[in-house]
1. Tell me, what ³J(HN,Hα) does each residue in region 62-77 have, in order and in whole Hz, if you take phi through Karplus 6.51 cos²θ - 1.76 cosθ + 1.60 with θ = phi - 60° and put x for Gly and Pro?
2. Top to bottom by accessible area (1.4 Å), largest first, where do Y93, Y44 land?
3. Apply the Karplus parameterisation 6.51 cos²θ - 1.76 cosθ + 1.60, with θ equal to phi minus 60°, to every residue of region 110-116 and state each ³J(HN,Hα) to the nearest whole Hz, in sequence, with x for glycine and proline.
4. Starting at the first residue of region 46-52, write each ³J(HN,Hα) from the Karplus equation 6.51 cos²θ - 1.76 cosθ + 1.60 with θ = phi - 60°, in whole Hz, x for Gly and Pro.
5. Protein chains only, probe 1.4 Å: how do R111, R50 rank by accessible area, largest first?
6. Take the alpha carbon atoms of region 26-106, find their radius of gyration, then divide it by 2.2 N^0.38 Å using N residues; give the quotient.
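The values are calculated or read from the model by the stated rules, or taken from the named source; none is laboratory data. Small disclaimer: the values here were computed from a predicted structure and weren't measured. Note: accessible area is taken over every heavy atom of the protein model, side chains too, but ligands, DNA and RNA are not part of it. Shrake-Rupley method; radii C 1.70, N 1.55, O 1.52, S 1.80 Å.
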Amino acid sequence: MHPACVGNVQARFIRGTLASTMPDQPNLLILMADQLTPRVLKAYGGQVARTPNMDVLAKEGVVFDSFYCNSPLCAPSRFSFMAGQLPSQIGAYDNAAEFPAQVPTFAHYLRAAGYQTALSGRCISAVRISCTDSKSG
């Protein structure tokens with residue numbers, strides 16, 4: 001996604017213009033980056049990277065102090081995060097694995113809870129399936 005688009009989407013979430021559709025539920029914006037160490041981000045005391053939009057999100061949202069990655073590989077790690085299951089439970093052993101269509105993602109559960117969901121960005125197998133799945137938005 002173009003950086004200007006990301007900033008626009010982030011700004012809309014921060015200002016609450018999407019909140020009018022669901023005033024009783026908080027807006028959720030999940031950002032996932034490959035190979036980004038928190039030590040470079042201002043939210044974690046870093047001074048290396050200039051990330052003004054992420055800085056605002058961190059200041060006005062939630063910042064995790066600890067996070068565990070279930071796989072050192074990109075696709076299995078993303079699959080695990082999206083499904084809430086270990087990579088071995090969904091057959092995600094390497095980057096060539098395909099995300100099983102029958103496994104619901106967090107987008108399915110959010111949609112069932114009344115959220116309008118959208119997945120955007122890097123289109124690996126898991127994201128492609130979820131983007132085209134009419135249940136997850």
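1. Taking θ as phi minus 60°, the curve returns 10, 10, 7, 8, 8, 8, 10, 9, 7, 7, x, 9, 4, 4, x, 5 Hz for region 62-77.
2. Y93, Y44
3. These are the phi-based 3J(HN,Hα) values: 5, 4, 5, 8, x, 7, 8 Hz.
4. Result, rounded to whole Hz: x, 10, 7, 8, 9, 9, x.
5. R50, R111
6. 1.28
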